[in-house]
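Asks: Questions regarding the structure given below will be posed in turn.
The values are calculated or read from the model by the stated rules, or taken from the named source; none is laboratory data. Here the structure is a predicted model, which is why all the values come from computation and not from measurement. Here the Cβ positions follow ideal geometry from the backbone for every residue, glycine too, while neighbour counts run over all protein chains shown. With ligands, DNA and RNA removed, areas are computed over all heavy atoms of the protein, side chains included. Shrake-Rupley method; radii C 1.70, N 1.55, O 1.52, S 1.80 Å.
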Amino acid sequence: AGETPTAPPFLEITRVVVHPSLAQVFTRQLALRELRLESPRLRINAWKAGGDDLPPFGRGGGAGGGLRLDRLVIQDGEVLLDHERVPVEVDLPDFQGRLDVRRDRALTGRIAFGPGALRFGGAPELQLGAEIALVLEGRRLVVESGHLRATNLDLETRGEIRFGRVLRGEFTLLGPV
């Protein structure tokens, strides 16, 4: 849905392909062999005076379930931030994550993946693995702790990204490159 009934949707995905795993029969965790998102489009509009048109996420404070995902693939994806298009291509094996909705509607949890292929815009493909503890509060994505691994790269990180008319972020990185 969009901000108004006539607004374009916040999120649209042309096709979702899910390959379930039999492992979920034996655990309380949702287990998928693969989740493939084809042509996802995420739209975010932010205003100079503050605020955005992101829909509210959840209202409860109950714990969410865990997810085991052997492979996450995003094909022909794009993020539209104030009509600026950023193409996204992702193929991440060994994806794991758990996100819970807090009472203040912030999402909090942990994700881990990889190493797998990641590409944003015209940048070269990066083989990246990561373990990240994060919180999404409105227009602010906080990485409480993270570990990024790629060829010739082993970094610990923390910081935040603020989504708005101008995308801003600040991260500290520690480790060999």
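Asks: Using a 7 Å offset from the Cα along the Cα-to-Cβ direction at both LEU126 and ARG103, what is the distance between the two label points in nm, to one decimal?
Replies: Here the modelled spin labels are 3.7 nm apart.
Asks: If you average 1/r across every pair of different Cα atoms in segment 67-151 and take the reciprocal, what Kirkwood value do you get, in Å? Intermediate values should be presented prior to the final figure.
Replies: Values: mean 1/r = 0.0715 Å⁻¹.
Taking every pair of different Cα atoms in segment 67-151, averaging 1/r and inverting gives 14.0 Å.
Asks: With the full set of protein chains in place, find how many percent of the accessible area of segment 95-176 is carbon and sulfur; take the probe as 1.4 Å.
Replies: 54 percent
Asks: In the full protein assembly as shown, how much of THR172 is accessible to a 1.4 Å probe, in Å² to the nearest 10?
Replies: 80 Å²
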